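S.K.: One structure follows; several queries about it will come next.
Please treat every number below as a calculation from the coordinates, not as lab data. Only a predicted model underlies this, so the values are computations on that prediction, with no experimental measurement involved. Positions of Cβ are generated from backbone atoms using ideal geometry, with glycine treated the same way; all protein chains shown enter the neighbour counts.
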Amino acid sequence: MPAIGLQVVPDFILPGGISVAGQQAVLRGLTGTQQPRFWTAPPRHRDKDPACPACRNDDYSCGCGDYQSAELLDWAANFGYDLDEWQEWWLAEATGTNPDGKWAAFENYLVVSRQNGKNQCLEVRELGGLFVFGEKMIIHTAHEFKAAAEHFRRVRDVVTGYDELRKRVKSVTPPTATRRSSCGLRPPWSSGPAARWSGSRSPRGCGSWPGPGAPAGRSRQTALCMTRP
Ligand SMILES: [Zn+2]
């Protein structure tokens, strides 16, 4: 007898907490398109290329271009991140790699209206930089420091909420009344904060996120996230 393919469609939660049964949400188009109409990314081996030595790693079913992103997304699921399909898609594109292990994309841009979940993408990317990729420096800036500090608190809460992460952090530098332009997290391998959140004390422009610094063998990569629609 042929196998019957089953697909679980999760329920969809509307703003305000109204739940719509999964299939109904799909039929009514509530989940929307999960990829932007316009996007571009450098080529990489998404699927295994028989001619590529890096793709021959049997530990992964994907090509060498998605080793890092697959690891990041698997890891993030252990720490409360139930990402939407588009968020996983963007993170996979942002952390795609060339066969030599360097980032495929030097810069990553994500343009999303407010309150749509772009900060979760950055949280996962920053936490991944600290705990999966072992990056030496990650800088998160925003148009106002209070926006950066709010983001810092969300990342800190994830770190302190899981023993596995908390034990790997040497110190946390929270914002204080006298320290109103930066805060950070310091992992044991760093002599100073490896992840910093900073911003202006006055509202100005859009948010940007230059970083992270290159771990061994990787090229430097930067990302910019627009915070205004
Ligand atoms: Zn490859």
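S.K.: For each pair in Lys102/Lys167; Lys118/Lys167; Lys48/Lys102, compute the distance between the two Cα atoms and list the pairs where it is over 20 Å.
M.R.: Details: Lys102/Lys167 29 Å; Lys118/Lys167 27 Å; Lys48/Lys102 17 Å.
Checking Cα-Cα distances, Lys102/Lys167; Lys118/Lys167 exceed 20 Å.
S.K.: If you don't mind, there's one more thing I want to ask. Given a Förster distance of 30 angstrom, what is the FRET efficiency for Arg46 paired with Val8, based on the Cβ-Cβ distance and rounded to 0.05? Walk me through the numbers before you get to the answer.
M.R.: Working: r = 25 Å, r/R0 = 0.82.
Taking R0 as 30 Å, the efficiency between Arg46 and Val8 is 0.75.
S.K.: Want the number for Lys170 to Gln115: 0.36 nm per residue separation, take away the alpha-carbon distance, what's left?
M.R.: Working: separation 55, 0.36 × 55 = 19.80 nm, distance 3.19 nm.
Result for the pair: 16.6 nm of gain on full extension.
S.K.: Sticking with this structure for a sec: Counting other beta carbons within 10 Å of each Cβ, put Asp58, Asp49 in order, fewest first. All intermediate terms of the calculation are to be shown ahead of the outcome.
M.R.: Values: Asp58 6, Asp49 16.
Lowest to highest Cβ neighbour count: Asp58, Asp49.
S.K.: For Asn57 paired with Phe38, estimate the spin-label separation in nm (one decimal), with each label point 7 Å from Cα along the Cα-to-Cβ line.
M.R.: Label-label distance for Asn57 and Phe38, simple model: 3.5 nm.
S.K.: Follow-up. Around Trp86, under 14 Å between beta carbons, what's the net of Lys plus Arg minus Asp minus Glu among the other residues? Could you put the intermediate results ahead of the total?
M.R.: Values: positive: Arg37, Lys118; negative: Asp82, Asp84, Glu85, Glu88, Glu93.
It works out to a net charge of -3.
S.K.: What is the order of Thr173, Thr160, fewest Cβ neighbours within 10 Å to most?
M.R.: Numbers: Thr173 18, Thr160 12.
Fewest to most other Cβ atoms nearby, the residues stand as Thr160, Thr173.
S.K.: Amide H of Ile138: which non-local residues (sequence gap of 5 or more, or other chain) have their own amide H closer than 5 Å, using H built in the peptide plane?
M.R.: Ala195, Arg196, Gly213
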